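The values are calculated or read from the model by the stated rules, or taken from the named source; none is laboratory data. Given the structure is predicted, the values throughout are model-derived calculations rather than measurements. In case anyone asks, the SASA skips ligands and DNA or RNA and just uses the protein heavy atoms, side chains included. Shrake-Rupley method; radii C 1.70, N 1.55, O 1.52, S 1.80 Å.
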Amino acid sequence: MQTDNILSHHVETARQKLHDLQNKYGFDHASVLKQSMVLDELINQYQYTYYRREKKPIA
């Protein structure tokens, strides 16, 4: 559960940074695109963690 909270916080922080960068530079600036990739990776990690917890293998 703690991992979910930490990842969730990182996702929200990255999302806010992306929003701020987009407001400052527009959608096609390199820093915006890079931050978008960072956010995508964090979301993937969060979803993977959630999936592993919810879909425990049946032994």
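Scan segment 2-28 residue by residue and report those that are among the hydrophobic types (A, V, I, L, M, F, W, C) and not in a helix (DSSP H, G or I). Even if it seems obvious, please write down each step before you answer.
So in segment 2-28, the residues among the hydrophobic types (A, V, I, L, M, F, W, C) come out as 6-7, 11, 14, 18, 21, 27.
Within segment 2-28, Phe27 is the sole residue that qualifies.
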Filter segment 17-40 down to the residues that are among the hydrophobic types (A, V, I, L, M, F, W, C), open to solvent by 90 Å² or more (accessible area, probe 1.4 Å) and more than 21 Å from Leu7 (Cα to Cα) and list them by number.
Phe27
